[in-house]
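Below is one structure, written out as structure tokens; the observations come after it.
Nothing in this text is a laboratory measurement; each read-out follows from the coordinates by a stated rule. Note that the structure is predicted; figures quoted are calculated from it, not measured. Cβ: placed from backbone, ideal geometry, glycine included. Neighbour counts: every protein chain shown.
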Amino acid sequence: MSTATQVKPAEPAESAESSPMTARQAQAPAGKAADAAQTSDQTKAPANPRRKKILLGVLALGIVAGLGWGTQWWFVGRFIESTDDAYLQADSMTVAPKVGGYVTEVLVRDNETVTVGQPLVRLDARQYQAAYDEAQATVVAREADVARAQAELSQHASAIAQARAELDSARANAAYSAGQVKRYAPLVATGAETDERLAELRNTSARADAALKSNEASLQASERQTDTLTAALAQAKAQLAVAQASARKADLDLADTVVKSTLAGRVGDRAVRVGQFAQPGTRLLTVVPVQNVYLTANFKETQVGHMRPGQPVTVHVDALPGEPIHGVVDSLSPGTGAQFALLPAQNATGNFTKIVQRVPVRIRLDVPESLRPVLLPGLSVTADVDTHRTAPAAPAAAKQATHSGQAGDASAQQLSLSAPLNSLVGPITSAAPSSMTGGVQRG
């Protein structure tokens, strides 16, 4: 117990001794922190001007970039009309036979390149060969008919000459008989000749007159027979012409058993097979002129107000990123896409909701030779039209006739498909200025 009482008084002293140490220890980190803050302020103080310079530089670059973008937008960007509703197209040709028959040979493969006049499909030609041979034989028979008619006409000319000679002979006999009657009539009156002799001479004269009339009738009949033979010859020639036309038709049918390509391109969608029976008009395959692709871009009606043929176009094909292609506006459609739809809208019935219409614009492309194999119909494209540049002046499609005799010539003039079509598009005065739409207008 005494020991405990002795120890307890010592504890406050010990705690008193430790209190100053704790205070000093607490003051030590605070002093270190102050020294560190002072040191940091001393190191940061020189960096403030540098940071200001960097911020000012960045701000200046931003201002310059903004001015550059604004200048580019003001002079170029606000006149650009853009749309991604655009696709490459080509005027493909569907190959179909003109005559029917079984397919005996397919002369092309899928995706093969063909030229104009190259055979594509061959049909069974035996039936058409027989028809052609029959038509040729008919032509030979009709030619023989013409030759016979010509020979009969020539022979009849000789018969007419003979009839005329006989008529001249009969006329001479009639004249001689009449002269004999005149000479013997005075002799009979004086009694130098008998009445029987005069009667005989008169009978001879009558028979000569009858023979003369008969020869005249024969000559007239022969001359009229000439017209009949001439008509027969004309009929034979007409029948020959019919036979020749039938032969040409049979020849065409025979030639049509070989289906040929009428344009250059590549074979696609080949559905024909050997042994198939092809009716006239049956689709066999399609020839796509990939070398003549063009672009159809469907712009909104609010974008075509200042669009004219001849304006430059920049095209970005999705299949060729980073490869811009240049072109020009070729023509604008005479109506929106809804006008040519299978079931056009009837806005006069029911409730009306206004929908922005689109106008197909055909764009002629200037494609480099290295990119032609890649550009195929159906590829998606983004088209940017620079409407700031004015199109070249369109030549007059047809001059008005000043005289009535020139009316026919003026009506015969037509617009070329590649010529600017400003006269068809006409001025649009209700469209808002492109500067009001702001920036690149994307459809």
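At what distance in angstrom do the alpha carbon centres of the stretch 53-112 and the stretch 114-165 lie from each other? Their Cα centres are 61 Å away from one another.
Highest average first, the peptides 321-329, 246-254 ordered by how many other beta carbon atoms sit within 10 Å of their residues are 246-254, 321-329.
When the Cα positions of A144, A189, N203 are compared along the charge dipole of the stretch 126-255, A189 comes out farthest toward the positive end, with charges on each C-beta of Lys, Arg, Asp and Glu. Within the straight-line cut-off of under 18 Å between alpha carbons, the aspartates and glutamates reachable from K182 are E193, D195, E196, E200, D209, sequence neighbours fewer than 8 places apart in one chain being disregarded.
Normalised size of the stretch 220-290, defined as Cα radius of gyration per 2.2 N^0.38 Å with N residues, equals 2.15.
Taking the Cβ of L120 as the center, what net charge do the other residues with Cβ under 15 Å away carry, scoring Lys and Arg +1 and Asp and Glu -1? Net charge in that neighbourhood comes out at +3. Summarising the overall dimensions of the stretch 126-255 from its C-alpha atoms, the Rg and Dmax are 28.3, 96 angstrom.
Model label sites at M93 and A189, defined 7 Å from Cα along the beta-carbon direction, differ in position by 10.1 nm.
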